[in-house]
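See structure below.
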Amino acid sequence: MKFNKIYLFLLAGTLVLNGCKKEKLDPNSVFVDSKIEKNALDNYIYNNLVLDYNIDVLYKYVDKESDQNYNLVPANYDSSIRMTKLLKYLGFEPYDDITGGKSFIKGYFPKLINYIGEAAYRNNGTRILGTAEGARKITLYEVNRLNATSGVNANFLTDSYFHTIHHEFQHILNQTTDFPSSFRTISGTSYVDDLWVSAWANDGAAIAAGFISPYASSSDKEDFAELYSFYVTLSATQWDARLNATGSTAAGRTIINNKLILVKNYMLTVWNIDMDVLRANIQARIANLPNFNQTSL
């Protein structure tokens, strides 16, 4: 019994000594910062958008910045180059020209542009061309459709990207300073919410009811943004052709023109932007698209 006690004591002493023994730690951390080398597009975005406008572009797919309710495809590199250069040329610089500098876009445009390669679709079958999240981010879809041919097609660029960009930007301006309540009273109770998808047989039917597009009939906010975006991205000839689409009426055109007066007045008095001057600038740039280099960085 006595020998057993001595053995246990010695064992306990060994454990204590081993527990107090100092270990030499490896000075090298297991957490190594990954340094991703920037490519030409990364540098272009930083030098021309981040520094000039405090706006960043995500062209490499980032799941937390994308809508997980859809199966999405990343934007490819070549199309992202075209989109980024066109975004600056047709989206930002027209405002720079008529406001006298970059401060307007820098102050009010969303700080993040997210590119998605292909379309996303809602449950009602409508195709999503772009979305805006508050004043922080605009997501553009179908960027992979942009190539050497479509890049100089003014109708394609407007329909696929720039109508959406100006539409969403108008929402952000409205969030900063709301448009006049008198605009809401023109169409009053005629807005149809989500039923806009099936409410009108075509654009002409919507125009006959006083809406520049079927989507404009969903709410007064969408109505205001649609009017603004269609007006500044269409030439005078295209605008008139839209107002006179098959099925439209003089009464509907009168309603739209009365709304347009308020949209123009809002942009001029609140933001000091003449929509006719802005449209002329955009149209001049569209005419110059064949000469605009969309690929060199």
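The values are calculated or read from the model by the stated rules, or taken from the named source; none is laboratory data. Computed from a predicted model, the values in this text were never measured in an experiment. Quick reminder, even Gly has a Cβ in these numbers, built from the backbone with ideal geometry, and neighbours come from all protein chains shown.
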Quiz item: Pairs, please: C-beta under 7 Å, at least 6 apart or cross-chain, first residue over 18 Å from Phe169 (Cα atoms) and in region 272-290, second part of a loop (DSSP other than H, G, I, E, B)?
Solution: Gln283/Ser235
Exercise. For region 196-297, please list each of the helices (runs of 4 or more DSSP H) lying entirely inside it that holds at least 2 residues being of a type in the set (Val, Ile, Thr) and in contact with a helix residue (DSSP H, G or I) (Cβ under 6 Å, 6 or more places away or on another chain).
Key: 220-233, 275-287
Quiz item: Among helices (runs of 4 or more DSSP H) lying entirely in region 54-114, which contain 3 or more residues that are buried (at least 18 other Cβ atoms within 10 Å of the Cβ) and at pLDDT 95 or above?
Solution: 77-86, 93-99
Quiz item: Could you count how many residues in region 161-192 are under 20 Å from Phe230 (Cα atoms) and in a helix (DSSP H, G or I)?
Solution: 19
